[in-house]
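Asker: Below you will find the structure I want to go over with you.
The values are calculated or read from the model by the stated rules, or taken from the named source; none is laboratory data. As the structure is a computational prediction, the values presented were derived from the model and not from experiment. Note that we place each Cβ from the backbone using ideal geometry, even for glycine, and neighbour counts take in every protein chain shown. Heavy atoms of the whole protein, side chains included, go into the accessibility calculation; ligands, DNA and RNA do not. Shrake-Rupley method; radii C 1.70, N 1.55, O 1.52, S 1.80 Å.
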Amino acid sequence: RILLGAAGAGGLIGLATTGFRLLADGLHTTLAAGPALFRFATGFSPALVGVGYLVGPGACLALLAGVALAWGLAVPLLTAFGDGTGTEGAEAAARAVWSEKVRLIGAGIIAVGAIWTVASLGRSILGSIRSAFGAARGGGHALRQLPRQERDLPITWVAGASLLLALPLTWLFFHFSTGAELGGMRFALVAFATLFTVGFGFLMAAACGYLAGLLGSSSSPISGIGILTTLLAALLLPLLLGRAAGPEGERFVVAAVLLLSAIVVTTASIANDNLQDLKTGQLVDATPWRQQVALAAGVGVGALVIAPLLDLLYNAYGFVGALPREGMDEASALPAPQAALMTQIAGGIVRGELPWSMVATGGGLGALLVALEARLRRSGRSFPALTVGIGMYLPLEVVVTIAFGGVVGRLAAGRLRGADEAAQAGGRRRGVLLASGFLVGESVVGVLLAAADTLSGRSASLAFAADALGGVGPWLGLAVFLLVLAAFYRIASHTDEAGRRGGS
């Protein structure tokens, strides 16, 4: 009941906001203190509130630290020293400085955080691989001697399937390079791309999967993997190809960097989800090899579904910086902050235009934050350095809305602290169901609206109520958002008197 109710509420709010344009999707303002610009904003998405509840107060605090560094320090300082001048309007100037420079500081923090995370897991990952091959050397008899809960697919099968899947990957790179004037370098590019995505992708997938199994998928450094892969590929590919790609060489190299990064990030994301599922299976006494067969089938289904779905969204709305047709409204395009940052990094490195001072500043901050994270971890507290960088490159409206979810979770947990364990577990379970419902409802409505826009051939095809309420829309959206927060807190923190007496 809670799950379906939250899904219905999230869907209706999404329909009223994105579809009918009856409710505003957020509030924002930009203030000037002399030449320095400060921007304040929040979104009204119940789904993002759900995300904040699921990732927890610690990650939300790190996100807010990134917001404070970006919008409370970096943007005001850079605008005070003249960056963004010439851009029409204070808000546009603040956004331009954040987009072109401050996000790169976040990228530097993320890269350092990702390197530290992967390096710290090296010994554990190698130990897991050695134990898997050790079990494989024992043959089928040794496998049958293991308890049912420890029987995985043989590692030799996994390695063989990985090598087999490298063949269509090689074809993809060969097909992708058709038309590029590479000459004999085409085969070198295909070989490098295949080895890079298989080898580096394996390392990144191992790190993400290990962390997902250990701490949960929300603690996995996917964003850092994307930034790190983009930096590395953008530095290596020009060294390999030089100017062999013809007049469109720079554009082709940037596209190749993004393709390699997309494959590695996809590999790590799949490992992230699958290891979370396997950890859940371990908790409920499942048989690993049966899960692994089902997960492989799930990956195949996802490969068939996700690409057409992304194509549907692209043709209906486009993405910020990439519109499918002339005349489309950039304001209606879907934000893709990580993809935009990866494109900015790849293009800047390949063209020699990347402001490395911003990346280096982020790297220095990242080293300090990693040291702080290591110190806090020894005392049992969490403050992920990589998440601070994510808070700097995600849009302000997104981060603040996620933080509201973390605050609701913290307040709900505080109210339940005096209750018994069953009451606390029940409150947490209700909160997870609410968050999941909001995510599902808003996502389903988004896909349906995209289908309607694609069929009609225009964006915002259902927006009959756009600007119908004039200046009341933002305040009505705020009122609905506050009601969502209040209901979330009430349901997630509810406990009965018996639970309270038992706790006392």
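Asker: Condition first: over 20 Å from the mean Cα position of the chain (by Cα) and either among the acidic types (Asp, Glu) or buried (at least 23 other Cβ atoms within 10 Å of the Cβ) (or both). Can you find one or more residues in the stretch 399-410 that meet it?
Answerer: Yes; the residues of the stretch 399-410 include at least one that is over 20 Å from the mean Cα position of the chain (by Cα) and either among the acidic types (Asp, Glu) or buried (at least 23 other Cβ atoms within 10 Å of the Cβ) (or both).
Asker: Further question on the same structure: In the stretch 1-13, is there at least one residue being closer than 18 Å to MET392 by Cβ and among the charged types (D, E, K, R)?
Answerer: So far as the stretch 1-13 goes, no, none of its residues is closer than 18 Å to MET392 by Cβ and among the charged types (D, E, K, R).
Asker: Tally up the residues in the stretch 439-468 that are at pLDDT below 90, part of a helix (DSSP H, G or I), of a type in the set (Gly, Ala, Ser) and over 12 Å from LEU309 (Cβ atoms), please.
Answerer: 2
Asker: State whether the residues of the stretch 298-316 include one that is modelled with pLDDT under 85, under 30 Å from GLY26 (Cβ atoms) and in contact with a Phe, Trp or Tyr (Cβ under 7 Å, 6 or more places away or on another chain).
Answerer: No.
Asker: Still on this model: Among the candidates GLY327, GLY362, GLY380, GLY347, which residue alone is closer than 19 Å to LEU63 by Cβ and either open to solvent by less than 40 Å² (accessible area, probe 1.4 Å) or not in a helix (DSSP H, G or I) (or both)?
Answerer: On the way: GLY327 fails: closer than 19 Å to LEU63 by Cβ; GLY380 fails: closer than 19 Å to LEU63 by Cβ; GLY347 fails: closer than 19 Å to LEU63 by Cβ.
Sole residue among the options that is closer than 19 Å to LEU63 by Cβ and either open to solvent by less than 40 Å² (accessible area, probe 1.4 Å) or not in a helix (DSSP H, G or I) (or both): GLY362.
Asker: Next question. Given the condition loosely packed, with under 13 Cβ neighbours inside 10 Å and more than 19 Å from GLY66 (Cα to Cα), answer yes or no: does some residue in the stretch 314-322 qualify?
Answerer: Looking only at the stretch 314-322, we keep the residues that are loosely packed, with under 13 Cβ neighbours inside 10 Å, and these are none.
The answer is no; no qualifying residue exists.
One line per residue, one yes/no per condition, for (1) open to solvent by 20 Å² or more (accessible area, probe 1.4 Å); (2) touching a helix residue (DSSP H, G or I) at 6+ places or on another chain (Cβ under 9 Å):
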{"site": "CYS60", "(1), (2)": "no, yes"}
{"site": "LEU64", "(1), (2)": "yes, yes"}
{"site": "LEU69", "(1), (2)": "yes, yes"}
{"site": "ALA74", "(1), (2)": "no, yes"}
{"site": "LEU78", "(1), (2)": "yes, yes"}
{"site": "ASP83", "(1), (2)": "yes, yes"}
{"site": "GLU91", "(1), (2)": "yes, no"}
{"site": "ILE110", "(1), (2)": "no, yes"}
{"site": "ALA114", "(1), (2)": "no, yes"}
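Asker: Exactly one condition in (1) of a type in the set (A, V, I, L, M); (2) open to solvent by less than 60 Å² (accessible area, probe 1.4 Å); (3) within 26 Å of the chain's Cα centre (by Cα) is not met by ALA286; state its number.
Answerer: ALA286 satisfies all of (1) of a type in the set (A, V, I, L, M); (2) open to solvent by less than 60 Å² (accessible area, probe 1.4 Å); (3) within 26 Å of the chain's Cα centre (by Cα) except (3).
Asker: Is the stretch 166-183 home to any residue that is buried (at least 20 other Cβ atoms within 10 Å of the Cβ), modelled with pLDDT of 90 or more and in a helix (DSSP H, G or I)?
Answerer: Checked against the condition, which is being buried (at least 20 other Cβ atoms within 10 Å of the Cβ), modelled with pLDDT of 90 or more and in a helix (DSSP H, G or I), the stretch 166-183 yields at least one hit.
Asker: If the requirement is being over 15 Å from LEU259 (Cβ atoms) and at pLDDT 85 or above, which of these qualifies: LEU195, LEU163? Outline the logic, then answer.
Answerer: On the way: LEU195 fails: over 15 Å from LEU259 (Cβ atoms).
Just a single option satisfies the conditions, and that option is LEU163.
Asker: Of all residues in the stretch 303-313 being among the aliphatic types (A, V, I, L, M) and out of contact with any Ser or Thr (no Cβ under 8 Å at 6 or more places or on another chain), which is surrounded by the most Cβ atoms within 10 Å (Cβ to Cβ)? Give the derivation first.
Answerer: Here is the first cut: in the stretch 303-313, the ones among the aliphatic types (A, V, I, L, M) are 303-307, 309-310, 312-313.
Narrowing the set further to residues that are out of contact with any Ser or Thr (no Cβ under 8 Å at 6 or more places or on another chain) leaves 303-307, 309-310, 313.
Numbers: ALA303: 11, LEU304: 8, VAL305: 10, ILE306: 11, ALA307: 10, LEU309: 13, LEU310: 11, LEU313: 19.
Ranking the candidates gives LEU313 first.
Asker: How do the helices (runs of 4 or more DSSP H) wholly within the stretch 89-148 filter down when requiring 1 or more residues that are modelled with pLDDT under 85: which remain? Step through it out loud before you land on a result.
Answerer: Working: elements: 90-97, 103-137, 139-145.
Result: 103-137, 139-145.
Asker: Out of ALA450, ALA413, ALA419, ALA435, report the one residue that is more than 30 Å from ALA316 (Cα to Cα) and open to solvent by less than 50 Å² (accessible area, probe 1.4 Å). Talk me through it step by step, then tell me what you get.
Answerer: Working: ALA450 fails: more than 30 Å from ALA316 (Cα to Cα); ALA413 fails: open to solvent by less than 50 Å² (accessible area, probe 1.4 Å); ALA435 fails: more than 30 Å from ALA316 (Cα to Cα).
The match here is ALA419.
Asker: Looking at the stretch 273-283, which of the residues that are free of Cβ contacts under 8 Å to residues at least 12 places away in the same chain and open to solvent by less than 80 Å² (accessible area, probe 1.4 Å) is farthest from GLU150 (Cα to Cα)?
Answerer: Step one: filter the stretch 273-283 for residues free of Cβ contacts under 8 Å to residues at least 12 places away in the same chain, giving 280-281, 283.
Next cut, open to solvent by less than 80 Å² (accessible area, probe 1.4 Å) only: 280-281.
Numbers: THR280: 14, GLY281: 11 Å.
Only one residue fits best here, namely THR280.
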